[in-house]
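J.: Handing you this structure, nothing more for now.
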Amino acid sequence: MKNQTTIYITDQELISLLQIDEQKLVDTETILDSNNIFNNQDYIIINNDGKREYTQIGAEKIASYLDKNLVVLVKHWFSKREQEISISIIRDHIIDNVSSLILHNNQHFISTLDLINILQTEKDILNMVVLEAKHTQDDPLSEEKDYYIEIDHDGNQEFYFSETGISKIVFCLKKRLKKEKDKLYWVKTSGNIFKTTINDIIEKIKKRQKNINSAKNKAKTRDKKTCQVTNVKNEKDEITKRFNDNKIKFVAHHLYSQNNYPHLADSIDNLITITETVHNNFHCNYMGSYNNPCTIDDFIQFVKKYYPDNIKVIMWLKDQKGKLQSKPKPHIFNQNPQRFLPPSYR
Amino acid sequence: MVTTQTVHYSRQSLDNLSPDILSKIRMIVSNYKYEEGVLIDLASFIVERNKTQKQKKVISPKKTKELSINQIKKKIYEHFEVEDTDSLKKSGLFQLSVSGMENLNLSKKETWEKLYRKFIGILPGEENETSYGCINGINIFKYNRPWQIFDLDPNKATTEDIKSAYRKLSKIYHPDIPETGDKQIFERLTSFYKSLTQTFNF
């Protein structure tokens, strides 16, 4: 059985590394199987065909039997793979801790809390390091460029750090952690991969927005550009007509709000075509604000209250509710609500 | 000595003096309450005399040796723990540190100088500049060295010291001050002041 913490090399990777053919490997295995390499120690069998994956010790034994000089190649391969795995762990850790990612003055910033989590440090230590970065002669921390402050409703300050701010903090933290090898490696690697990871996330966000727009267009086509609540087609509705002569604007409304149910944001099942007037009435008057999260139940209640005759749409909404509820929520959503879309992108 | 007598300096005296000298005079006036006109005339006299002396005796100025592009590169490589320009470009920490610095053309010396100023320190030859935008020998537009510009020790200065240094400089560079006021310089100083007085408590 595979040990999750052990690194294995597949037979194909070993063949390619040692530059031998498959038969050579099989022959070597046959010779060494008798008393030199052992199952679950030097290798594991991964399927019924007897396909093997080797541990470092096992791979070194194979290499050593073929040519002692090849052992160094195996050592190098395992060390590189170990490094790749640790980088991937740190990258995942960054992805899980940038829910505060926000665009401010054309720069990306993250909150202090996210920064503490990413660097796996503590508030007190970060405080000291930030003071150090502020009290340096050369290029100390600058407001707006390296950090900015957001003030919440209660007047509390929250600091957000930019990429340059984070780099300054990483440099100071590196000096402080000189003797703590593991922590130093983590901080150094986090600093090294932060930008590329953030760029990947931003790309994903942009792609997601593209998918949402595409789903909205599809929903409008599905609904034949007709308001599903008022049945108004591309003519002037009463309210719009009274105030101006503009064409009616149709919008695709998210039944489960896109920011609070990000996994449903680009699903056509979560969209319904309505007029802009109905949309505003629902969000502003019925829900209180566009910022308040809404669900399909809110919309059903809204329709029942203001358009009780439209049985058809109520039935349809109930069907959609069944479909949408069966969609599994992403694990991360249950764990910690993510700001998948920074407000600046909304 | 504090003078109470008003002295009217000549326009010519004023024209002889660089903004840097005028700033210094304003600072002395503000700190010691000396008569501004007397100082301007005195400074003008010294400047004139120096000019005449220079004309008489040609002294070759001591030139600070500039760093070569390779010396600059070496310092940057050391800072980012890389071997060469290729690995510098690939360094994630370098990419993170230069975020927002647009059009970094690493084939030009001026780009490397820019990086040196940001990550290493003052370029040899730029230590005691007196041109426009220079305060305490530092060009405030080229460098982010607020402690030096405010003439403060970062490890000892209190918030009061920072405020007082800012106030002194404001008396010279505030846009409302005739002759020495300068909007751009004042804005930069204000941004330095904000960053230096920021308290962090997470």
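J.: Hey, among A:145, A:168, which residue is open to solvent by less than 40 Å² (accessible area, probe 1.4 Å), among the charged types (D, E, K, R) and under 30 Å from residue B:127 (Cα atoms)?
T.: None of the others qualify; the one that does is A:168.
J.: Of all residues in the range A:154-205, count the ones that are more than 19 Å from residue A:128 (Cβ to Cβ), at the interface with chain B (Cβ under 8 Å from one of its Cβ atoms) and of a type outside the set (Val, Ile, Thr).
T.: Looking only at that region, the number is 5.
J.: Another question about this same structure. Could you please give the count of residues in the range A:262-294 that are in a loop (DSSP other than H, G, I, E, B) and either open to solvent by less than 30 Å² (accessible area, probe 1.4 Å) or farther than 22 Å from residue A:323 by Cβ (or both)?
T.: Matching residues across the range A:262-294 total 9.
J.: To continue, here is another question. So which of B:22, B:14 is over 30 Å from residue B:108 (Cβ atoms), open to solvent by less than 80 Å² (accessible area, probe 1.4 Å), modelled with pLDDT under 75 and assigned to a helix (DSSP H, G or I)?
T.: Answer to the check: B:14.
J.: Among the residues of the range A:112-124, is there at least one that is surrounded by 15 or more Cβ atoms within 10 Å (Cβ to Cβ), away from every other protein chain (no Cβ under 14 Å) and either assigned to a helix (DSSP H, G or I) or touching a Lys or Arg at 6+ places or on another chain (Cβ under 8 Å) (or both)?
T.: There is no residue in the range A:112-124 that is surrounded by 15 or more Cβ atoms within 10 Å (Cβ to Cβ), away from every other protein chain (no Cβ under 14 Å) and either assigned to a helix (DSSP H, G or I) or touching a Lys or Arg at 6+ places or on another chain (Cβ under 8 Å) (or both).
J.: In addition: Can you find a residue that is in contact (Cβ under 8 Å) with a residue 40 or more places away in the chain and among the basic types (Lys, Arg) anywhere in the range A:177-184?
T.: yes
J.: Collect the residues in the range B:142-167 that are without any contact (Cβ under 8 Å) to a residue 24 or more places away in the chain and away from chain A (no Cβ under 14 Å), keeping them in residue-number order.
T.: B:160, B:164, B:165, B:167
J.: To continue, here is another question. Among what's in the range B:168-189 and is touching a residue at least 12 places away in the same chain (Cβ under 8 Å) and either within 14 Å of chain A (Cβ to nearest Cβ) or small (Gly, Ala, Ser) (or both), pick the residue that is nearest to residue B:23 (Cα to Cα).
T.: By that ranking, first place goes to B:170.
J.: What pairs come up if the first residue lies in the range A:194-205 and is of a type in the set (Lys, Arg), the second is open to solvent by 30 Å² or more (accessible area, probe 1.4 Å), and their beta carbons are under 7 Å apart, counting only those six or more places apart or on different chains?
T.: Between residues of the range A:194-205 that are of a type in the set (Lys, Arg) and residues that are open to solvent by 30 Å² or more (accessible area, probe 1.4 Å), the close pairs are A:195/B:95.
J.: Next up: Select from the range A:154-165 the residues that are out of contact with any Gly (no Cβ under 7 Å at 6 or more places or on another chain) and not small (Gly, Ala, Ser) and write down the one among them that is most open to solvent (accessible area, probe 1.4 Å).
T.: A:154
J.: Which numbered condition in (1) modelled with pLDDT of 95 or more; (2) open to solvent by less than 50 Å² (accessible area, probe 1.4 Å); (3) more than 27 Å from the chain's Cα centre (by Cα) is the only one that residue A:90 fails?
T.: Among (1) modelled with pLDDT of 95 or more; (2) open to solvent by less than 50 Å² (accessible area, probe 1.4 Å); (3) more than 27 Å from the chain's Cα centre (by Cα), the lone unmet condition for residue A:90 is (3).
J.: Given the criteria of a type in the set (Lys, Arg), open to solvent by less than 60 Å² (accessible area, probe 1.4 Å) and either more than 9 Å from chain B (Cβ to nearest Cβ) or not in a helix (DSSP H, G or I) (or both), does residue A:220 qualify?
T.: Taking the combined requirement at face value, the residue satisfies it.
J.: Here's something else I'd like to know. Of the residues A:4, A:56, A:41, A:19, only one is open to solvent by 80 Å² or more (accessible area, probe 1.4 Å) and at pLDDT 95 or above; which?
T.: A:19
The values are calculated or read from the model by the stated rules, or taken from the named source; none is laboratory data. This one's a predicted model, so the numbers in the text were calculated from it and none came from an experiment. Please note: Cβ atoms are built from the backbone with ideal geometry, for glycine as well, and neighbour counts cover all protein chains shown. Surface accessibility is based on the protein's heavy atoms, side chains included, excluding ligands, DNA and RNA. Shrake-Rupley method; radii C 1.70, N 1.55, O 1.52, S 1.80 Å.
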